[in-house]
Amino acid sequence: MKHLDWINVRRRGAAAMAALALALTTGAVASPASADPRAVDKTPTATGYGGAVSTVDPEASAAALEVLRKGGNAVDAAVAAAATLGVTEPYSAGIGGGGYFVYYDAKSGKVSTIDGRETAPAGITHDAFIDPKTGKPYNFTPQLVTSGVSVGVPGTAATWQRALDRWGTLSLGEALKPAIKVADRGFVVDGTFRQQTEDNKLRFQQFTSTSNLFLPGGDAPAVGSIFQNHDLAATYRMLAEDGVNALYRGPLASEISAAVQSPPKSASATLPIPVGSMTPADLAAYTTLDQDPTHVNYRGLDVYGKAPSSSGGTTVGEALNILNTVNLSEMSVPQALHYYLESSALAFADRGKYVGDPAFVDVPQKALLDPVFGKERACQINPNKATQVPFKPGDVTSYDGVCPARPAAAASEKDTENISTTNMTVADKWGNVVEYTLTIEQTGGSGIVVPGRGFLLNNELTDFSAVWSASDPNRIEPFKRPRSSMSPTIMLKDGKPWLALGSPGGSTIITTVLQTIVNRVDLGMTTPQAIAAPRASDRNFANSSGRAFVTAEPGFISKYGTGLAPFGHLLVPSGDAFTSAAEIGAETAIEFLPGGKMLAAAEPVRRGGGSAMVLKPSP
Ligand code: GLU
């Protein structure tokens with residue numbers, strides 16, 4: 001109820017928020033916001049020319065637009081928006097985390113990617129997530145996720161620098177300016193921010209640095225108050241002046257490793273807070289990776305995604321190859337959704353068996369994205385009946401597209417990925433496009449703010465499997481990148497951008513991106529409709545009785561449950577043990593319309609709604 005009220009406040013717009021701010025202002029970092037430019041209005045859809053941006057947050061979208069207006073390109077604008085998200089969405093992303101940057105270059109017509117994933121430190125051990133007291137894995141939430149041992153070496157600042165070096169026109173210092181401004185002048189606290197703070201109160205209370213910053217006066221900042229982060233502004237200024245080496249080799253490297261090895265526990269801390277081993281040498285050793293994107297062709301569209309260490313590109317791509325074997329647009333909607341769900345479950349079966357960091361694991365990426373493999377996997381789908389048990393992985397070593405005898409079912413894997421993260425889409429007047437997903441893993445990351453620096457450290461290493469097994473591609477190893485689900489995706493039609501999209505949501509990122517593509521390409525929806533539509537996520541999970549099930553938003557169940565009933569899918573409402581939030585995803589996208597027109601789209605409702613903007617609006 002409380003949450004809904006805040007969402008309504010958010011929807012009422014700047015004037016109402018400013019008025020509310022007068023009434024609700026709180027202590028420490030708060031000050032009144034009357035008639036204040038900090039209360040930024042937002043809309044989830046915008047059409048027009050000259051450049052476009054879609055993020056979850058109006059301040060971040062405004063930062064990108066300002067850069068575009070001044071002649072910066074999509075990469076400059078994306079870095080400015082990402083840095084601003086570090087201020088306004090500090091629980092989802094920031095320089096304490098990592099992410100994946102996908103870029104379409106208009107001049108060359110090429111899609112390239114940067115892997116800015118966090119890495120495990122040199123000193124991590126196979127049993128890092130096992131509690132020595134019990135010999136069993138630490139309880140996941142809140143124990144393991146609130147820890148130094150879950151912190152990976154951050155990749156986000158290095159990603160910004162690498163993207164600017166390769167394709168940008170601004171220096172890092174220039175690109176950070178809008179974010180520094182927002183951090184110093186503050187932003188208006190909305191319902192989502194307060195709710196996320198409240199949800200993390202116990203975790204944040206464990207650390208002096210975190211409670212000082214995010215629990216001023218002992219409580220979450222009030223809706224409508226102004227939240228400033230001068231520490232982060234100063235940290236950004238240091239990066240602007242000294243470069244990212246300040247973080248990887250300078251004073252911040254020592255401070256980050258100190259916070260990991262000896263977290264700034266408060267006297268009243270109640271959680272075990274397992275410590276990590278990260279050293280300044282681990283930070284000095286960090287590098288981003290330039291990588292080719294994944295590619296599949298879906299109904300004549302070229303779909304580019306992120307290769308491992310993320311499982312996004314291979315899993316979305318394999319599911320699309322499976323779906324390419326049938327014509328969804330000629331089917332009834334329930335029949336098409338049945339295929340969508342089953343194709344996703346099949347691709348997840350292969351993700352679990354084969355995908356990990358390719359520096360450590362021989363990932364059969366070529367086979368996973370081979371249309372012939374997809375054709376053979378499609379044989380597993382019964383057109384009339386959902387699988388009642390999870391699918392078994394396919395055989396990547398021997399396939400010919402011919403349907404084999406039906407193999408036995410496999411056990412379900414456990415998935416502990418969380419649902420934080422943020423995503424953005426940016427395009428410029430030259431036709432360059434950025435799709436960028438960045439995260440600190442869980443909402444609130446590890447809960448550890450680096451003392452005096454204004455940002456949270458990630459807990460991305462919890463994306464590794466907790467229990468070590470030599471046959472698991474996602475087992476913990478020193479210097480390894482945990483398998484991600486982030487799926488920043490750029491689709492081309494006749495070699496030109498057609499749709500760019502991405503989402504947060506842990507492993508549901510994959511299904512959100514896949515379902516949105518199906519909605520847009522096959523089910524006749526516009527991009528805003530495809531984003532707003534209720535979601536269901538089939539990750540090949542089984543419940544405790546071994547029965548395969550689909551996590552579905554309540555809106556999906558009420559809209560499609562009856563139509564899907566004959567297929568026998570078990571639809572479990574989201575918000576369950578496997579998907580902690582009732583909402584699946586908080587997507588952003590840009591569709592490229594004829595004549596250079598752009599349609600920027602964000603969520604109309606989920607996570608309080610996102611913010612789409614274009615440089616020259618035109619209906
Ligand atoms: N750690 C997740 C991943 O890399 C992202 C977390 C989230 O989206 O909530 O896929």
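The values are calculated or read from the model by the stated rules, or taken from the named source; none is laboratory data. Being a predicted model, the structure only gives us computed values, none of them experimental. Glycine also receives a Cβ, built like all others from the backbone with ideal geometry; neighbour counts cover every protein chain displayed. Please note that ligands, DNA and RNA were not included when accessible areas were found on the heavy atoms of the full protein model with its side chains. Shrake-Rupley method; radii C 1.70, N 1.55, O 1.52, S 1.80 Å.
Give me the accessible area of H126, 1.4 Å probe, in Å² rounded to the nearest 10.
Only protein atoms counted, so the area is about 80 Å².
With only Lys, Arg, Asp and Glu charged, each at its Cβ (+1 for the first two, -1 for the last two), find how big the charge dipole of the range 278-332 is about the Cα centre; round to the nearest 20 debye.
Numbers: 2 positive and 6 negative charges, 21 e Å.
Around 100 debye, computed over the range 278-332.
In straight Cα distance, which lysines are under 25 Å from K366, not counting same-chain residues fewer than 8 positions off?
Within the straight-line limit of under 25 Å, K366 reaches these lysines: K110, K306, K353, K375, K392, K480, K493, K496.
Please tell me the relative contact order of the chain in percent, rounded to the nearest whole number, where contacts are Cα pairs under 8 Å and at least six residues apart. Please list the in-between numbers first.
On the way: 1610 pairs, mean separation 145.8, N = 619.
After rounding, I find 24 percent.
Going by average Cβ neighbours within 10 Å, how do the peptides 602-615, 146-159 rank, with the highest at the top? Intermediate values should be presented prior to the final figure.
On the way: 602-615: 23.9, 146-159: 28.4.
Sorting 602-615, 146-159 by mean packing, highest first, produces 146-159, 602-615.
Would you mind computing, in nm to one decimal, how far apart the modelled labels at N327 and L202 are, each placed 7 Å from Cα along Cα→Cβ?
About 5.5 nm separates the two model spin labels.
Starting from the Cα of L593, step 7 Å along the direction of its Cβ; do the same at W430; then give the gap between the two resulting points in nm.
Rounded to a tenth, the inter-label distance reads 2.5 nm.
Determine, for each peptide in 500-513, 530-543, 339-352, the mean count of other beta carbons within 10 angstrom over its residues, then list the peptides with the highest first.
Details: 500-513: 29.5, 530-543: 23.8, 339-352: 26.9.
The densest-packed peptide leads the list: 500-513, 339-352, 530-543.
Among rounded, prolate and oblate, which fits the range 108-202 when a ≥ b ≥ c are the square roots of the eigenvalues of its C-alpha gyration tensor, a/c under 1.5 means rounded, and a/b larger than b/c means prolate? Kindly include the intermediate steps, with their values, before the conclusion.
Details: a/c = 2.96, a/b = 1.41, b/c = 2.10.
Judged from the Cα gyration tensor, the range 108-202 comes out oblate (a/c at least 1.5, b/c at or above a/b).
Placing unit charges on C-beta atoms (Lys and Arg positive, Asp and Glu negative, everything else neutral), compute the dipole magnitude of the chain about its Cα centre in debye, rounded to 20.
Values: 52 positive and 57 negative charges, 143 e Å.
So the magnitude is around 680 debye.
Hey, got the dipole for the range 103-257? About the Cα centre, +1 on K and R Cβ, -1 on D and E Cβ, debye to the nearest 20? Provide the component values of the computation, followed by the final result.
Details: 15 positive and 16 negative charges, 51 e Å.
In debye, rounded to 20, the range 103-257 gives about 240.
On a straight-distance basis, which aspartates and glutamates could pair with K597 in a cross-link, Cα separation under 12 angstrom, same-chain partners fewer than 8 positions away excluded?
List returned: D428.
Would you compute, from DSSP H runs of 4+ residues alone, the mean residue ellipticity of the chain at 222 nm, taking -39500 (n - 2.57) per run and dividing by the full residue count, rounded to the nearest 500? Intermediate results must be reported in sequence, preceding the final value.
On the way: 20 runs with 205 residues, N = 619.
Dividing the helical sum by the residues of the chain leaves -10000 deg cm²/dmol.
Once the dipole of the chain is set up with Lys and Arg at +1 and Asp and Glu at -1 on Cβ about the Cα centre, which of S545, Q515, G445 lies farthest towards its positive end?
Looking along the dipole axis, the top candidate is Q515.
For the range 489-498, in order, what is each residue's ³J(HN,Hα) by Karplus, 6.51 cos²θ - 1.76 cosθ + 1.60 with θ = phi - 60°, in whole Hz (x at glycine and Pro)?
10, 10, 10, 10, 10, 6, x, 10, x, 10
Among all helices in the chain defined by DSSP H, which have a length of 30 Å or more along the axis from Cα atoms plus a Kyte-Doolittle mean of at least -0.5?
Numbers: long enough: 333-354 (31 Å, -0.18).
Helices meeting the span and hydropathy rule in the chain are 333-354.
At q = 0.06, 0.11, 0.13 Å⁻¹, what is the base-10 log of I(q)/I(0) for the chain according to the Debye formula with one equal point scatterer per Cα and no solvent? Please give it to two decimals.
-0.28, -1.00, -1.43
Arrange the residues M331, M486 by how much accessible surface each exposes, largest first, with a 1.4 angstrom probe. If you can, show how the numbers build up before the last one.
Values: M331 50, M486 5 Å².
Reading off the accessible areas and sorting them downward yields M331, M486.
Would you be so kind as to identify which of S211, A122, S398 lies farthest towards the positive end of the dipole of the chain, taking Lys and Arg as +1 and Asp and Glu as -1 on Cβ and the Cα centre as origin?
Selected residue: S211.
Which distance in nm do the two modelled labels at S266 and Q143 give, with both placed 7 Å along the Cα-to-Cβ direction?
Label-label distance for S266 and Q143, simple model: 2.2 nm.
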